[in-house]
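Here the structure comes first, spelled out in structure tokens, and everything after it is commentary.
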Amino acid sequence: MTEKTGIWKIASEAGAAGARAAVAGLVVAAGTPPVDRARFLTSLSARLRDRLDQGGTWELHLLTRRTTPDQECRLDVWLRPFDGTTAGEGPPASEPTLSCPLPNPPARDGAPVDASPSHALLSADEDTAAVLHLLDEQERLVQLHRDELHQTNQGVLALHSDLEAAALAQRELLEAERSARAEVERARRLLNFLADASAAITSSLSPTEVLRRLTDLLVPDHAARLDVWLLDDEEEGDEESGPVPERSRAAVVAARTGRPQHAAAHPGNLPGTDDLPPAAMSPDRPLLAIPLMTHRLLGVLTLIAPGPRFDADTCLMLVELGRRAGVALDNARRYEQHRDTAEALQRAQLTDLPDPDGLLLAARYLPATQGMNIGGDWYDAFLQPDGSLLAVIGDVTGHGMHAAVVMGQLRTALRAYAVENQTPAEILTHLHRMLRHLQPQLYATAMIARFRPGDPEVVWASAGHPPAVVRDTGGSVRILDAAPGVMLGVPIACTYADHVTQLPPGSSLVLYTDGLVERRAQGIDPGVERLRQALAGLSTPELEQDLDAAAEALLKPLLHDSERDDDVCLLLCHTVTHPTS
């Protein structure tokens with residue numbers, strides 16, 4: 001539904017003002033909101049001024065429209081050039097239409113609208129006042145929003161500050177956690193190193209090997225250089241003695257006080273360590289002198305730092321490793337002393353071999369190269385009043401001083417029983433009874449062979465001993481594998497039996513202890529076979545020209561490829577083909 005409200009011809013400013021006043025009165029009467037009204041009238045005034053500037057006469061068309069009864073009513077206005085022919089036509093395509101809402105559309109028969117300039121001016125002021133009031137409200141709202149935004153910004157800034165502080169605290173906590181984890185990992189590595197190093201140095205019973213392993217463990221990661229000053233027994237308590245050309249003052253103070261010393265240009269403040277001026281042997285790097293202590297002072301370990309300083313944790317590890325190295329060195333020294341004593345005792349009891357007619361003798365004793373397994377093996381050869389010769393080989397279970405002493409007792413008792421011209425089996429029977437009575441927890445193996453001048457028969461008996469090996473005149477080799485009796489000292493009654501074997505001139509008999517043929521991974525049989533082959537490889541001239549060289553030839557293939565963890569005794573007996581007398 002549309003209705004043409006009016007048309008005004010405008011050719012001057014007065015006409016334009018009247019038209020604007022009429023339109024203003026219309027929209028005021030229709031209750032158009034002040035802001036919409038002001039916006040609409042301002043746009044209309046601007047368009048009127050523009051058309052007046054163009055010159056000529058213009059028509060202002062007003063049209064109210066509402067397409068449906070319940071739709072909002074609106075006022076449309078447009079300007080057209082006046083040419084006397086366009087009345088009643090719609091707006092031109094080039095002329096935009098101005099539109100304004102009419103909440104209360106004017107009735108057809110309503111009162112005329114006051115279009116005087118004074119009324120329009122007053123209405124314009126009312127519109128301006130309404131707009132200004134609205135602007136004031138908007139400014140108040142904007143200020144409220146500004147205040148709220150400021151408060152929000154302050155809160156956001158405070159939140160950002162709190163978040164930054166929280167992030168900083170979190171970074172500090174993470175860094176502290178990383179640092180703590182690194183310290184724990186470093187401490188774990190030091191403890192693992194200490195455990196592995198301790199196992200390495202305490203597993204050896206050689207002082208030289210202990211020091212070599214200590215050097216390999218510490219240089220170059222924990223020390224640029226390592227030196228050890230060891231006191232001899234006569235040096236103990238006199239730290240100024242001994243040929244130690246590179247001994248530093250720090251080492252001397254460590255030996256005198258029994259406390260670790262740190263020598264450097266600046267104090268190290270290391271736990272349990274005293275600080276000293278720089279050492280002459282290391283003026284540029286710190287030196288750590290650690291006393292090697294057990295129940296007494298053994299010496300001093302000096303370490304030159306691999307870098308500019310020793311840190312506290314490494315220092316604690318080094319001091320503890322020095323203490324354990326002292327224990328390892330003391331154990332190794334005690335072991336060597338005990339071993340040397342046992343070996344000296346055993347060698348002192350070994351027999352100088354006799355030189356009977358028609359029989360050549362050669363013997364070898366080799367102590368174990370590993371462990372404390374010395375003191376139990378022995379050989380003996382001696383003449384009887386009737387001119388016969390007894391060749392003896394034996395092995396006492398156990399090792400060390402006690403085994404060496406028991407071996408001496410058995411050797412002495414055997415010679416005493418042999419004076420009565422008893423057979424090998426009778427001698428072993430007496431020894432068995434004696435050992436059961438004197439040493440009920442100690443056992444021994446033994447083998448005795450009796451040679452009579454001019455008699456090719458050899459009588460022998462064995463008490464649990466490895467079998468002897470015989471080389472016949474023609475070079476064939478056999479093993480005396482008759483079942484041996486029980487070991488000497490085993491808590492059962494036993495009477496041993498004599499056995500006879502032929503040993504004509506040019507034959508050889510080899511007696512030995514199990515250290516020659518037995519290997520833990522192989523047992524005894526492969527070793528006995530190697531001995532048999534080695535004996536078969538010797539000729540009669542070789543045996544009769546140099547029996548000692550022949551004994552060495554037997555030992556070489558059996559011992560050259562292994563460390564000995566047991567004593568070895570060998571007694572080689574050879575009947576000559578052409579006796580000297």
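Name the trypsin sites (Lys or Arg not before Pro) in the stretch 505-576 that are in a loop by DSSP and that have at most 11 other C-beta atoms within 10 Å, would you?
Here the sparse-neighbourhood loop sites are 520.
Considering only protein heavy atoms and a 1.4 Å probe, what is the carbon-and-sulfur percentage of the accessible area of the chain?
Heavy-atom surface of the chain belonging to carbon and sulfur, 1.4 Å probe: 54 percent.
Using the C-alpha gyration tensor of the stretch 382-445, what are the square roots of 5 times its eigenvalues, in whole angstrom, with the largest one first?
Semi-axes from the Cα gyration tensor: 22, 12, 9 Å.
Please give the calculated 222 nm ellipticity per residue for the chain, where each DSSP H segment of at least 4 residues contributes -39500 (n - 2.57) and the sum is spread over every residue; nearest 500 deg cm²/dmol?
One gets -15000 deg cm²/dmol as the mean residue ellipticity at 222 nm.
Just to be sure I follow: if Rg is taken over the C-alpha atoms of the stretch 148-220 and Rh is the Kirkwood radius over the same atoms, what is Rg/Rh?
1.59
How long are the three semi-axes of the equivalent ellipsoid for the stretch 41-85, computed from the Cα gyration tensor as the root of 5 times each eigenvalue, in whole Å, largest first?
Taking √(5λ) for each eigenvalue gives 27, 14, 4 Å, largest first.
Hey, any idea what the orientation-averaged projected area of the convex hull of the stretch 371-518's Cα atoms comes to, in nm²?
With the hull built on Cα positions only, its mean projection is 8.8 nm².
If you compute mean projected area of the Cα convex hull in nm² for the structure shown, which of [x] 64.1; [y] 29.1; [z] 25.8 do you land on?
Comparing each candidate, only [x] matches the computed number.
How much accessible area does residue 556 have with a 1.4 Å probe, in Å² rounded to the nearest 10?
140 Å²
About its Cα centre, how strong a charge dipole does the chain have in debye, to the nearest 20, once Lys and Arg get +1 and Asp and Glu get -1 at the Cβ?
1080 debye
Just the accessible area per residue of the stretch 164-230, please: how many Å² with a 1.4 Å probe?
63 Å²
The values are calculated or read from the model by the stated rules, or taken from the named source; none is laboratory data. Predicted model only: the values in this text are computed from it and were never measured. Methodologically, a virtual Cβ is constructed for each residue, glycine included, from the backbone with ideal geometry; neighbour enumeration extends over all protein chains shown. For the accessible areas, the whole protein counts, side chains as well, though only heavy atoms, and no ligand, DNA or RNA atoms are used. Shrake-Rupley method; radii C 1.70, N 1.55, O 1.52, S 1.80 Å.
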